[in-house]
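The values are calculated or read from the model by the stated rules, or taken from the named source; none is laboratory data. Values in this document were obtained by computation on a predicted structure and should not be read as measured data. For neighbour counting, all protein chains shown are included, and Cβ atoms are generated from backbone atoms with ideal geometry for every residue, glycine included. Note: accessible area is taken over every heavy atom of the protein model, side chains too, but ligands, DNA and RNA are not part of it. Shrake-Rupley method; radii C 1.70, N 1.55, O 1.52, S 1.80 Å.
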Amino acid sequence: MTTIAPPLPTRLTLTPGTTPAGLLDGAWWPRSRDLAVGLPSLVDALESRFGRITRVTVNPARWPVVPHKVPATGHTVHVGWFTEQDPDKMILLSYAVGRCDLLVIPPGTEPAAAARLMAAAAVPGGILTAGALLSGEAAADRGARDARSREDSWETDGGAAPPALRHPVVGARMISLPGNVRR
């Protein structure tokens, strides 16, 4: 007997519906770079808020295969690509709401970095582009790695903290002054 595992939840975050529009409406963290596999669950997750998603555009630089059509629940989503589009952004179009712009977080991103990116993309009225968010996260990650590397280098190159004193000073010695000394 074969058991089928339930589908994994879509890793998606959106700006609150009543907030001012920003450059992004949220972020999606797909599990792979296969649009035919990931797009149906994303479309299903978005339809309650944006209505029926009919078209999606991506930049082919981040997707090895861009299918022309992807089946979704009850309909087909048409997929197009534009090299001028931000490679880290996906645009989803619907008849009801219009447009939804999502940051696409690379599938192999560390969970902590992905959480920071998802939160940053869902900031109401955000002014950072998808590319700016990802490059900022990459710069922060490089800075943290460099700091760890410098610390490791310091420790291995003899730059460790001084050794503890053999006979630590417990208290200060008091020197008594003669009784009649005036200042």
Largest first, what is the accessible-area ranking of Thr73, Thr129 with a 1.4 Å probe? Thr73, Thr129
FRET E, pair Thr129, Ser48, Förster distance 25 Å, beta-carbon r, rounded to 0.05: 0.40
Quick check on segment 25-112: what does the Kirkwood estimate of hydrodynamic radius come out to from the alpha carbon pairs, in Å? 13.0 Å
Pair-distance profile P(r), taking every C-alpha pair of segment 72-124, with 10 angstrom steps and integer %: 18, 43, 33, 6
Lys/Arg Cβ at +1, Asp/Glu Cβ at -1, dipole of segment 13-116 taken about the Cα centre: which of Thr13, Ala45, Val70 is farthest positive-ward? Val70
If the label point sits 7 Å along Cα→Cβ of Tyr95, residues of segment 58-73 with amide N under 17 Å come out as 72-73
Using a 1.4 angstrom probe on the protein heavy atoms only, line up Phe82, Phe50 by accessible area, largest first. Phe82, Phe50
